[in-house]
Structures are given as structure tokens and as C-alpha cells.
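S.K.: The structure under discussion is supplied below as C-alpha cells; questions concerning it will follow.
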């Protein structure tokens, strides 16, 4: 079985909703849609969001930091986050920002925290609309701006469902690949290290055959929960296919990544399941100019090494 899967080739267990093409939704939106991690780095944006800030494509804006690249004043980002923490969301929130050429643009934002299934905050998502600059004087209390399209609100509410695997609550492969592209861009732009882990539950087919698919799904769900709990807040964890997972470790050198992988591997081995369960892990590190497929291939080779060593190992390739 190939360990590298293409979009749409992830098995029937992902359900119909996960096969919905996210691009069809975001391209139909007239307002800007964005997702940012806890550090304010943009991991997802639609074309309308990019155009508001005069970027040619959404790929040009993904990977940028909101406070450093888009806010007119960094302190406005702090005020925005404080408002989010107080209410759990902001609606019709006006923010002065800057376009790519340095010119000023005033936007209205509707945003909320993005959380995983355990309720942990993993980022912020929202929709934005450009406003005439004179509307800024109205302030951010009690104002109403009603012309954001209903379809945009629906898209924002359903985004979380579309980017997650329904069984584990981890990110799905389609969204993960967008994050991986964004993180490689950011690694190049800011000269930061980046590592990747590919994980396989050892002998899962044997477990599935012995205990049945329902128990197999329960095992995958438990392992996914352990990954959510034991990988770091800044790590991006995805269920790639049936019993395989991928993890992006931003700003992480290969030695640190190997230490994290071994710690999580040991947690899986020491956890209580109805039978002994272990994981094999393959790691790769990003080198400037490398494609995402090359990064995945090297992690795949590391995983092959781990299995050749008898499984329940974490091996770095390259």
C-alpha cells in the first residue's frame, strides 16, 4: 500500500462531506475568508481575501503574519484578540490595515476562535469585507453592517466541518496540504526550520481483521485523541488515510522533531488499548527549494526505515 495519497484517494471512511471540494465554496464567496494559527500566521485564505490586500493570488498571502504584514498598528491585533477572548467572537469589527503597496484599507471582520474537538483553541477564522475609510469613525461598538452575504456566513460556519476528518477531528488531507504549502513558504520567507512526521499504526490490518471495523475505527479515534493531546499546540496534525497520519512541526529543527516524535510514540505504546498498539514514524526536514512532495517522500522513506527496523521506531531521513 502506498503511503502517499492524492487528494480524493483516502477511502470511503472519510464520508461524503470530506470529499466536497473546498475550492468550489471559497471561490464563490464575495467576501474574504481567512484562517490563521495561534501565532497569527495565515494558513488559509480565499482569492477575495488576497485581492482586498492587493495580492495577486491567495498563495501570495498565505504564510504571512497578520500583525507583521497586514495590520496598520500591531497593537490593534492585541485589541482584536482581547475582544475575541472576552466574547468568543467579534462581529462587524472595524480594523485599519495595509495593502501590499503600503496603502491603507479599512475592513469589517466577523471572526471566531477555531477549536479542536477537545475545545482547545488552535487559531482564528473569519470573513472580512472592505469598507469606505470614513466608516472607521463609527467605532466598534454597536455598529451594524448588514451587507455581508448570507452564503459567506454559511461558508464560515461550515469551514470547520470541511477541513476536518469526521472520525478523529484532526485536519483532513486536503486542508493539511494547504497548510504544508503555507509553512514551506513561511520557512523560506523567514529562514525558519520546518519538519514533517509521517505516522503509521503498526499492524493495523491485523487488528482490523481480528476485532472488526467498528473496533478499528474506535482505535483510530483513540490514537487521534492521543495525538491531539500530546503534540504541541503549534503542530498541525492530519489523518492522511485509514491508519496513517501526518504532522507539520513549524519552526522545529530535525533534532527537536525527532525528540517530539519519540515522546509521542512512547505515549502510544504505554497507553491502554485492548491489545498492544504501537506506531512507526518517519521524519523529514525542509530544505529551501524542496517541493512538498519531496518533503513527503523523504518522510515516507523514514517511515520505511522505521518498519524495516522492526516497527515502533521513529527514523529521520536526510
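S.K.: Once a ≥ b ≥ c are taken as the square roots of the eigenvalues of the Cα gyration tensor of region 235-318, is the result rounded (a/c under 1.5), prolate (a/b larger than b/c) or oblate (a/b not larger than b/c)?
M.R.: The shape class here is prolate.
S.K.: Over what distance in Å are the Cα centres of region 169-242 and region 41-73 separated?
M.R.: 26 Å
S.K.: Can you give the FRET efficiency for residue 104 and residue 253, using 1/(1 + (r/R0)^6), R0 = 51 Å, r = Cβ-Cβ distance, to the nearest 0.05?
M.R.: Using R0 = 51 Å, I get an efficiency of 0.85.
S.K.: Another question, then. Got a sec? How would 238, 179 order by Cβ neighbour count within 10 Å, fewest to most?
M.R.: The most exposed by this proxy come first: 179, 238.
S.K.: When every alpha-carbon pair in region 173-316 is counted, what percent end up more than 29 Å apart?
M.R.: More than 29 Å apart: 13 percent of the Cα pairs in region 173-316.
S.K.: Right, here's the next one. In which sequence would 233, 202, 217 go, from the one with the fewest C-beta neighbours within 10 Å to the one with the most?
M.R.: Taking fewest neighbouring Cβ atoms as first place, the list is 233, 217, 202.
S.K.: Over the Cα atoms of region 30-148, each weighted equally, I'd like the Debye log10 I(q)/I(0) at q = 0.21 Å⁻¹, rounded to two decimals.
M.R.: Listed by q, the Debye log ratios stand at -1.29.
S.K.: Which order results if 183, 270, 215 are arranged by neighbouring Cβ count within 10 Å, fewest first?
M.R.: Result, fewest neighbours first: 270, 215, 183.
Rule-based calculations on the coordinates, nothing more; no lab input. For clarity, every value in this text was computed on a predicted model and none was experimentally measured. Every residue, glycine among them, receives a Cβ derived from its backbone with ideal geometry; neighbour counts consider all protein chains shown.
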